[in-house]
Each structure stands twice: as C-alpha cells, then as structure tokens.
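Below is one structure, written out as structure tokens; the observations come after it.
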Amino acid sequence: MKRSSTAALAVAFSLSLTACGGGNSTKQAAPAIAVRTAVAQSGAIASTTDFSGSLVAVHRATVGALTPGRIDLLAVHAGDRVAAGATLARVDSAQYSAMLAGARAGADAAGAGSAAAIAGLQQAQSRYDLAAKTAQRMGNLYNAGAISKEQRDQVQTQLEVARAGLAQARAQVQAASGGEAAARAGVAAASVPVNDATITAPFNGVVTQTFVRPGEVVGAGSPVVRIESDGMLELKVAIPLGDLAALRSQHELPVRVDAPGSTTLLGSVRSLVPSENPALRSAMLRIDLPAHPGLLPGMFARVLVRARSSRGTRIPLSALVERAGQSGVFAVHAGKAAFTPVESVVSDTRSAIVTGLTAGTTIAVSNLAELTDGAAVTVVTQ
C-alpha cells in the first residue's frame with residue numbers, strides 16, 4: 001500500500017514538470033506595428049531665412065496745436081476712427097475772434113474810404129473835362145478876337161486848378177486802395193489763428209493717443225493727438241548686411257503675421273536702405289502689406305527670404321525622429337524597421353534634404369513613437 005502511494009506521487013510530480021515546460025514553449029512574439037511609408041527621393045529645397053519685425057502704419061502723425069491757448073474741446077479718444085478733415089480738438093479762440101472782428105471792421109472802413117476816393121476821382125475827372133472844353137472854346141474865341149486876354153487867362157487858370165484837383169484825387173485813390181489792401185491782409189492774418197484753433201485730422205485713420213485734456217493750456221507746436229492711417233500697414237525689418245544679396249532682386253516677399261491663424265501675406269518691397277549707424281551693420285527693409293482683416297499696428301511678423309537651393313535626398317518632415325539625441329529615420333525592409341541616423345541640411349514646411357540616406361529607401365512616416373530599431377512592421381496605406 002505504501003509503495004503504491006509513492007508511485008502515484010512520482011507520476012504527479014512528473015506531470016507537473018511537463019506542464020511547466022509546455023508553458024515556456026508557447027510564449028508569443030510582439031505584434032507588428034502598422035506604419036505608412038514614403039520613398040526618399042532626389043530633390044532640391046531652397047533654403048529660407050526669416051527675419052522678424054513689427055507692423056506699423058504707413059502714414060502716422062502727431063498732430064499739434066498751431067495756436068497757443070486753452071483746450072476747450074477734445075473730440076476724440078484713443079481707438080476712435082476719424083476721416084480726413086474731422087475735428088480732433090479745438091483751442092479757445094475768443095481772443096483771436098475778437099481780433100479778427102476788429103480787423104474786419106478796419107477793412108470795411110478802408111473799403112468805404114476807397115469807395116469815397118473813387119467817387120472823388122470821378123468828380124475831379126468831370127470838373128477837369130469841363131474845364132478843358134471851356135478852355136478850348138475860350139481859346140478859339142480869343143483867337144477870333146471875341147474875348148479879351150484876361151478872360152482867356154482866367155479860363156486857363158481854372159483848367160490848371162482842375163488838373164491839379166484831378167492829380168490829387170488820383171493820389172487819394174491810390175492811397176485808399178493801398179490802405180484797403182493792407183486792411184484785407186490784416187483780416188487774412190487775423191483769420192489764421194482762428195482757423196488754426198480747430199485741429200483736424202490730416203488723413204483717414206485711427207487715434208492711437210491723446211496728449212491733452214479739456215481745460216489744459218497748450219503752446220504752439222504742443223502735441224495734441226497721435227493718429228495712424230487706417231488699414232495701410234507696412235512691415236519694418238532690420239536685415240544684416242550679410243543677407244542683403246538674397247533680397248536685391250526680389251520685389252515681393254511672403255510675410256507671416258503672428259496673429260490668430262498665422263496669416264501669410266504677399267508683401268511688396270518698398271525700400272531697402274542701409275542704417276545711418278554703421279555700427280549696426282544692417283539695412284532697414286520696408287514692405288507694404290495688402291489690406292487684411294485683423295491686422296493691427298504693433299503686431300509681430302516675419303518675412304521669409306529664400307536663398308540658394310540645396311540638392312540631395314529629400315524626405316518628408318514627418319519621417320524625422322530623434323533617438324538618444326540623434327536625428328534619424330526608420331528604414332523599412334522585409335517587415336522590419338531599422339533606425340538610420342541622418343543629418344538635416346535644409347528644410348521647408350513639408351520636407352527636408354538629409355545626408356546619410358540613399359534615394360529610393362522606403363521609410364516610415366507614421367507611428368514613429370512606437371518604433372524601435374528592429375521592430376516588426378506592417379505597411380498600410382491608410
């Protein structure tokens with residue numbers, strides 16, 4: 001009985017060992033990773049450099065007071081849109097208006113004096129014409145012996161008096177005309193400060209800053225309002241002298257504005273002028289931008305400048321990965337992924353030119369985070 005129990009235990013132990021050995025022999029391999037692929041090709045990419053700058057209004061002005069005095073009206077605030085000629089502010093012009101009224105009264109009086117002088121000239125001319133006719137008639141009578149010499153001389157004296165009166169009347173008209181002209185000039189001069197008391201917008205635009213408040217006293221030339229043109233913007237960028245060669249033949253450049261949606265516009269090169277400070281070793285590039293909703297002065301933007309083209313093995317940017325600090329791609333061959341180190345020479349928004357990879361190599365472009373060197377892969381098209 002004891003011997004039978006020992007045999008049964010031996011059989012059970014043997015079956016247990018057999019079961020454990022069978023479990024190790026059925027261990028499954030890791031499943032293949034599904035990847036999409038692309039083929040590296042020979043190609044070229046133009047290297048692109050971007051330079052940052054700020055958007056500014058094409059037309060901007062600080063409008064100042066031309067007439068000194070107290071501000072009695074500030075018609076705008078920062079952010080207001082204004083049309084050319086619109087009233088921005090007004091200086092109290094009561095004193096200047098009174099001076100203008102006095103000048104106009106003087107001009108009216110001078111005009112009346114001029115009119116009186118002209119009327120006097122007309123009368124003097126009539127007297128002279130009558131005296132001249134009388135003198136001629138009396139001269140004929142004297143030659144005919146019909147009147148005495150004394151009578152003729154008396155008429156001749158009257159003619160000389162009329163001639164002198166005519167000359168005097170002409171001088172009075174000339175003097176009166178000069179006085180009237182001076183008075184009218186005085187009116188024009190007195191009108192200047194009255195007109196200048198109203199400060200107007202020089203162009204259509206947006207008020208960006210006000211410098212005064214109603215009641216403050218300003219002097220001639222004091223800043224009152226700053227205004228910038230509405231909608232007409234330009235990009236100002238400092239370009240290092242070493243990069244100017246790539247710009248000299250370009251009339252239009254793409255500009256990417258750091259705004260919602262990263263708007264990219266095609267701008268027109270207006271000017272490229274070396275800096276007045278030689279130590280800066282740069283030139284100021286000014287680019288006119290087309291009208292676009294949402295663009296505002298002060299926004300940052302980048303101008304993209306293309307230089308020479310680089311040729312080599314071209315791959316999609318989506319194929320590039322980094323493993324242990326090394327850039328590379330996963331080459332796909334015979335169902336396996338092999339990490340292949342590469343160096344990027346130049347890139348654009350979609351692809352890169354690399355070294356270390358042969359054109360025609362199939363590379364993975366999806367599920368790269370899951371791939372390791374030697375991993376099994378399955379190529380899919382979707």
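The values are calculated or read from the model by the stated rules, or taken from the named source; none is laboratory data. Quick caveat, the model's predicted, so the values are computed rather than measured. Note that each Cβ is placed from the backbone with ideal geometry, even for glycine, and that neighbours are counted across all protein chains shown.
Structure notes:
- Listed conditions (1) assigned to a loop (DSSP other than H, G, I, E, B); (2) closer than 30 Å to L121 by Cα; (3) among the hydrophobic types (A, V, I, L, M, F, W, C) are all met by A169, apart from (1).
- Within the range 166-181, residues that are in contact (Cβ under 8 Å) with a residue 24 or more places away in the chain reach partners that are part of a helix (DSSP H, G or I) and of a type in the set (D, E, K, R) with beta carbons closer than 9 Å, at six or more positions or on different chains, in the pairs L166/R127.
- Pick from the range 40-75, criterion touching a helix residue (DSSP H, G or I) at 6+ places or on another chain (Cβ under 8 Å) and assigned to a strand (DSSP E or B), ranking: surrounded by the fewest Cβ atoms within 10 Å (Cβ to Cβ): T49
- Taking the criterion of being among the hydroxyl-bearing types (S, T, Y) and outside any helix (DSSP H, G or I), the only residue of the range 147-166 that qualifies is S148.
- Complete set of residues in the range 111-170 that are of a type in the set (V, I, T) and under 30 Å from V187 (Cα atoms): I118
- Tabulated pairs, the range 36-64, first more than 25 Å from P254 (Cβ to Cβ), second among the polar types (S, T, N, Q), C-beta under 6 angstrom, 6+ apart or interchain: R36/S366; T37/T362; V39/T362; A40/T313; A40/T361; G64/S222
Matching residues to (1) in the same structural domain as L166 (by TED's automatic domain parsing); (2) loosely packed, with under 15 Cβ neighbours inside 10 Å; (3) farther than 15 Å from V192 by Cβ:
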{"residue": "H77", "(1), (2), (3)": "no, yes, yes"}
{"residue": "D80", "(1), (2), (3)": "no, no, yes"}
{"residue": "G85", "(1), (2), (3)": "no, yes, yes"}
{"residue": "A101", "(1), (2), (3)": "yes, yes, no"}
{"residue": "R104", "(1), (2), (3)": "yes, no, no"}
{"residue": "A109", "(1), (2), (3)": "yes, yes, yes"}
{"residue": "A116", "(1), (2), (3)": "yes, yes, yes"}
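- Flag: T349 does not match the condition of being in a loop (DSSP other than H, G, I, E, B) and over 45 Å from the mean Cα position of the chain (by Cα).
- Qualifying residue in the range 28-51 (condition: of a type in the set (S, T, N, Q), under 29 Å from the mean Cα position of the chain (by Cα) and within 30 Å of G205 (Cβ to Cβ)): no
For every residue, the table says whether it meets (1) in contact with a Ser or Thr (Cβ under 8 Å, 6 or more places away or on another chain); (2) surrounded by 13 or more Cβ atoms within 10 Å (Cβ to Cβ); (3) within 23 Å of A115 (Cα to Cα); (4) outside the structural domain of A115 (by TED's automatic domain parsing).
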| position | (1), (2), (3), (4) |
| --- | --- |
| Y128 | no, yes, yes, no |
| A131 | no, yes, no, no |
| Q158 | yes, yes, no, no |
| A162 | no, yes, yes, no |
| A167 | no, no, yes, no |
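- Of the residues making up the range 327-337, none is within 30 Å of L233 (Cβ to Cβ) and either under 45 Å from the mean Cα position of the chain (by Cα) or surrounded by 14 or more Cβ atoms within 10 Å (Cβ to Cβ) (or both).
- When residues of the range 332-346 are limited to those that are free of Cβ contacts under 8 Å to residues at least 40 places away in the same chain and outside any strand (DSSP E or B), the one nearest to I45 (Cα to Cα): V342
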